[in-house]
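Below is one structure; the comments refer to it alone.
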Amino acid sequence: MKFLEFEAKNILKAYGVPVPKGILVKSIQELEDALPSLPEKIVLKAQVDVGGRGKAGGIIITDKERALKDITDLFSRSIKGRSVNSVLVEEALEIKKEYYCSIIVDRKEKSPVIIFTDEGGVEIEVTAQKNPHALRKARITPLLQNVPDFILRSLLRGAQKEIGPVINALFRVFVEKDAILAEINPLVLTESGIYAADAKLIIDDNSLARQGITVNRDLTERERTALIHGFSYVELKGSIGVIGNGAGLTMATLDLIEYSGEKAANFLDVGGGADQERVAHALRLVASDPSVKVVVVNLLGGITRCDEVAKGIIAANVAPHIIVRLAGTNEKEGKIILESQGYEMVSTMEEAIQRACQVVK
């Protein structure tokens, strides 16, 4: 789950990382009330969980005279499709030097990796592409309480010594908050010291209960409904709904849709042994997405019975066109049930995707 910038900074501050002075406002009136206590030069930062806010107009450097006009404009904007409901108002820092520091889970290395560079303030992907040698990396085990000095020396290589404690604090945040990404970009040097000018924190969804978080804000309403029913479900941007059983089969279905030139609306693995009720819930969930024009049901009956699947499809009684491919246990019975009700049956996954693409077009 992604944290908003102000939430990430509050956590970093609690771990001893210096952050700019600021307040969170949710209305123009709140800013007006706070203006007398603010410095002359300020930064307005839309609190939306998307990258590239600055380029999208979500960050405005202003002063007290123009602040109310600028925040009115900011509240009226949509930043990469996200409405602005709150704004972080911070002091504008006089920056002498920008750095980048993050800790990520490197799946290839199977461990956390600290990344540091003197070239902060820009997208790290750009730096990695144009000047990969500028990135300094170090693997580290989460069993440690602090980053060893020899790793800090290797990362900093002459950078401000005050950055060492910041990296240590960021490492503790990463471990104790079950993070998969903890990032400061830019980490800035000013006349008065080092500050985290921006911060990003993403924690593992599997740790939410341990972290005392009851609602995963990153999920859509349909994804939350899927959790209730125990489905593996991810909402996508296409128009072909997909229901499969088994992650491999479902992913193969999505890949074939992409290869055919269309886009899947979702990934839904109904799981093994799905009965009539479970299939009906899955189909209603997929069909509730208004972007879905056709649904591909691609199920292999092992412990899942095809006749139960057929009954679930009929019980769901949904509007979008449904194309069904069933194979395995009680396959013949399932096909008879569906064909008697006028459902379209195909023999292979390739046929199912081909027909779905025809329906969409």
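Quick test for you: out of VAL242, VAL215, VAL234, pick the one residue that is free of Cβ contacts under 8 Å to residues at least 40 places away in the same chain and under 30 Å from CYS306 (Cβ atoms).
That would be VAL234, the only listed residue that is free of Cβ contacts under 8 Å to residues at least 40 places away in the same chain and under 30 Å from CYS306 (Cβ atoms).
For the stretch 48-63, indicate whether the set of residues that are outside the structural domain of ASN185 (by TED's automatic domain parsing), of a type in the set (Lys, Arg) and surrounded by fewer than 18 Cβ atoms within 10 Å (Cβ to Cβ) is non-empty. Full working, then the answer.
Our first condition is that a residue be outside the structural domain of ASN185 (by TED's automatic domain parsing); within the stretch 48-63, this holds for 48-63.
From the residues that got through so far, the ones that are of a type in the set (Lys, Arg) too are 53, 55.
Now drop any that are not surrounded by fewer than 18 Cβ atoms within 10 Å (Cβ to Cβ), which leaves 55.
Yes, the conditions are met somewhere in the stretch 48-63.
Results for (1) modelled with pLDDT of 95 or more; (2) of a type in the set (Asp, Glu); (3) out of contact with any strand residue (DSSP E or B) (no Cβ under 6 Å at 6 or more places or on another chain), shown as yes or no for each residue.
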{"residue": "VAL147", "(1), (2), (3)": "yes, no, yes"}
{"residue": "GLY158", "(1), (2), (3)": "no, no, yes"}
{"residue": "VAL173", "(1), (2), (3)": "yes, no, no"}
{"residue": "ALA179", "(1), (2), (3)": "yes, no, no"}
{"residue": "LEU189", "(1), (2), (3)": "yes, no, no"}
{"residue": "ALA197", "(1), (2), (3)": "yes, no, no"}
{"residue": "LYS200", "(1), (2), (3)": "yes, no, no"}
{"residue": "ASN206", "(1), (2), (3)": "no, no, yes"}
{"residue": "VAL215", "(1), (2), (3)": "no, no, yes"}
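Quick one: in the stretch 286-309, which of the residues that are of a type in the set (A, V, I, L, M) and touching a Pro at 6+ places or on another chain (Cβ under 9 Å) is nearest to ARG222 (Cα to Cα)? Please lay out each step first, then the result.
In the first step, residues of the stretch 286-309 are kept if they are of a type in the set (A, V, I, L, M); the result is 286-287, 292, 294-297, 299-300, 303, 309.
With the extra rule that they be touching a Pro at 6+ places or on another chain (Cβ under 9 Å), the set shrinks to 286-287, 292, 294-295.
Details: VAL286: 8, ALA287: 10, VAL292: 13, VAL294: 17, VAL295: 16 Å.
Selected residue: VAL286.
Mind counting the residues in the stretch 223-275 that are basic (Lys, Arg) and closer than 20 Å to VAL360 by Cβ? Show your work before the answer.
Step one: filter the stretch 223-275 for residues basic (Lys, Arg), giving 224, 237, 263.
In the following step, the residues that additionally are closer than 20 Å to VAL360 by Cβ were identified as 237, 263.
The total comes to 2.
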Problem set entry | Number of the exception - GLU98 against (1) buried (at least 19 other Cβ atoms within 10 Å of the Cβ); (2) touching a Gly at 6+ places or on another chain (Cβ under 8 Å); (3) within 28 Å of GLY164 (Cβ to Cβ) | (1)
Problem set entry | Residue that is surrounded by the fewest Cβ atoms within 10 Å (Cβ to Cβ), among those in the stretch 303-346 that are in contact (Cβ under 8 Å) with a residue 12 or more places away in the chain, assigned to a helix (DSSP H, G or I) and small (Gly, Ala, Ser) | ALA315
Exercise. Checking GLY272 against (1) in contact (Cβ under 8 Å) with a residue 12 or more places away in the chain; (2) over 26 Å from LYS311 (Cβ atoms); (3) in a loop (DSSP other than H, G, I, E, B), which single condition isn't satisfied?
Worked result: (2)
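Quick one: would you say LEU38 is over 16 Å from LEU4 (Cβ atoms), among the hydrophobic types (A, V, I, L, M, F, W, C) and not assigned by TED's automatic domain parsing to the domain that holds ILE167? Explain how you work it out, then say what you get.
Working: over 16 Å from LEU4 (Cβ atoms): yes; among the hydrophobic types (A, V, I, L, M, F, W, C): yes; not assigned by TED's automatic domain parsing to the domain that holds ILE167: yes.
Yes; evaluated as a whole, the condition is true for this residue.
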Problem set entry | Residues of the stretch 291-300 classified as surrounded by fewer than 19 Cβ atoms within 10 Å (Cβ to Cβ) and in a strand (DSSP E or B), total | 1
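Of the residues that sit in the stretch 219-233 and are touching a helix residue (DSSP H, G or I) at 6+ places or on another chain (Cβ under 8 Å) and in a loop (DSSP other than H, G, I, E, B), which one is modelled with the lowest pLDDT?
Initial filter on the stretch 219-233 (touching a helix residue (DSSP H, G or I) at 6+ places or on another chain (Cβ under 8 Å)): 219, 222, 225-226, 229, 231-233.
Right, trim to in a loop (DSSP other than H, G, I, E, B) and you get 219, 231.
Values: LEU219: 90, PHE231: 94.
Looking at residues that are touching a helix residue (DSSP H, G or I) at 6+ places or on another chain (Cβ under 8 Å) and in a loop (DSSP other than H, G, I, E, B), I get LEU219.
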For this session: Identify, by number, the condition in (1) in contact (Cβ under 8 Å) with a residue 12 or more places away in the chain; (2) under 19 Å from GLY302 (Cα atoms) that GLY248 doesn't meet.
Result: (1)
Seminar exercise, completed: Scanning the stretch 84-123 residue by residue, those assigned to a strand (DSSP E or B), within 27 Å of ARG153 (Cβ to Cβ) and among the charged types (D, E, K, R) turn out to be LYS96, LYS97, GLU98, ASP106
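The values are calculated or read from the model by the stated rules, or taken from the named source; none is laboratory data. Predicted model only: the values in this text are computed from it and were never measured. Every residue, glycine as well, gets a Cβ built from its backbone with ideal geometry; the counts of neighbours run over all protein chains shown.
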